[in-house]
Every structure is written in structure tokens, then in C-alpha cells.
Amino acid sequence: MYGYFYDQNRVYLILEYAIKGELYKELQRQENQRFDEKRAAGYVLQLSRALDYCHKKNVIHRDIKPENLLVGENNQLKIADFGWSVHAPNARRQTLCGTLDYLPPEMVEGKEHDSNVDLWSLGVLAYEFIVGSPPFEAQGHTETYRRITRVQMTFPDHVSPEARDLISKLLVKEAGDRLKLSEVPKHPWIVRHCQEELAHYAQIESQASKQ
């Protein structure tokens, strides 16, 4: 956020311009409403790094979905809409929040949750990016809840083994067993498709460490 101003009726926020708008609209414009795996992997890599940064600041987003991700001129993702976010340095949370198709089992079952909810949402996103729909989408809320709690999903034939592996390691019922955000950039699916991006990030981190 660059700044803000207000009048008697509204508060105006001055934000970075995301020229391509919502990632959801980008997804809808694609053939079969899905991305190829290279583009999907790039987005998953970016989002894993952004969420890792948030979590290190003790911020849990809790509503990661394509509508809440904005796209810049060079396909950079920007996390938006922190309305359900919480700053939780020490506490676990109990509030049921977010969007149904992206809710993790612990929220559906009314249990306490922590930053691992964002890992689940990342897995749901990765699936939706390359399949075109969320993995637990069903007719009616009850059936969707049931599929989430059982982690009941299937992969179309076109999804590569590496992509299935990453998604399956994020969509794990036990929150503590989900793949850590720091491990996502090292996963074979990401390494295979994102060598340029990984080299770029490594260069930036190397320069930062010298300062």
C-alpha cells in the first residue's frame, strides 16, 4: 500500500497497480479454464514464498483463492484481501472462515487451526490451476464437507506424477504433516518447471546476504 486518504464517507487506499486483475479471471480465460503445468508451477512457487513471508511475520491469510490473488504485468502474483487474516504469534484459532472449496479438514470439523490452513489452500489452488476446478467441489455443501474431511479427490489423466505428488503432500488431513512452505521450492515439480525463477530468487537472496 502506497498511501491513503479519506473524506466524510470513505477511506481510499492507494495500492500497487495489478494490471491483469484477479487470477480467477486469468484462469477463466484459459482453454478448459486451466493453466499448463509450467505456468501453474510458477504461480505455486511465488505463492509459497509469499505465504512463507507472511507466516514468518505471524500472519495467517485464511482465505487464499484465485479471486484473492492479483496479477501484475509480468505475471507476478500479489496476495490481496486480508479480511479473514489474523496476526497470531502464539495462539491457535477457532473461527470458521474462508471459502468452502478451500476450507481444510480442521476448520470443517470445528477444530483449532494454525498457519497450516494456508498450506491446504495452496494445495487446493495447485489442483485447480492444472485441472480447472477445486478438488473437493460437489453438489451441495454437505457432500463438499464430506469430501474434504476424507480428503477424497481424483486426478485427471493429464496431471503429471510430479504434480500429483506435490498436491498430495499439501492436501494431508493432519495439518502438521503437510509439506512445509520452505520445502515447496525444492519439490521436483517446481524444480522441473521453474529453474529460471529459482535462479533469480537465489541471486536476490545472495545479494541480500552480502548487504
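The values are calculated or read from the model by the stated rules, or taken from the named source; none is laboratory data. A quick note: this is a predicted structure, and the numbers were derived from the prediction, not measured. Note that we place each Cβ from the backbone using ideal geometry, even for glycine, and neighbour counts take in every protein chain shown.
Taking the numbered list (1) outside any loop (DSSP other than H, G, I, E, B); (2) at pLDDT below 90 in turn, residue 73 passes all entries but (1).
Considered as a group, the residues in region 1-27 that are assigned to a loop (DSSP other than H, G, I, E, B) and touching a residue at least 60 places away in the same chain (Cβ under 8 Å) include one that is surrounded by the most Cβ atoms within 10 Å (Cβ to Cβ), and that residue is 18.
Contact annotation: residue pairs with Cβ atoms under 6 Å, 6 or more positions apart or on different chains, pairing a residue in region 134-149 that is touching a residue at least 40 places away in the same chain (Cβ under 8 Å) with a partner that is buried (at least 16 other Cβ atoms within 10 Å of the Cβ) and of a type outside the set (A, V, I, L, M), are 144/136; 148/105; 148/136; 149/105. Suppose we filter region 35-53 for residues that are crowded, with 19+ Cβ neighbours inside 10 Å and either in a loop (DSSP other than H, G, I, E, B) or modelled with pLDDT under 90 (or both); how many remain? Count: 1. Those helices (runs of 4 or more DSSP H) of region 104-202 in which 2 or more residues are modelled with pLDDT under 95 occupy 105-108, 116-131, 141-150. The C-beta contact set for region 28-56 (first residue under 17 Å from residue 162 (Cβ atoms), second residue part of a helix (DSSP H, G or I) and hydroxyl-bearing (Ser, Thr, Tyr), distance under 8 angstrom, 6+ apart or interchain) comprises 35/43. Scanning region 47-82 for residues that are closer than 21 Å to residue 135 by Cα and of a type in the set (S, T, N, Q) yields 48, 68.
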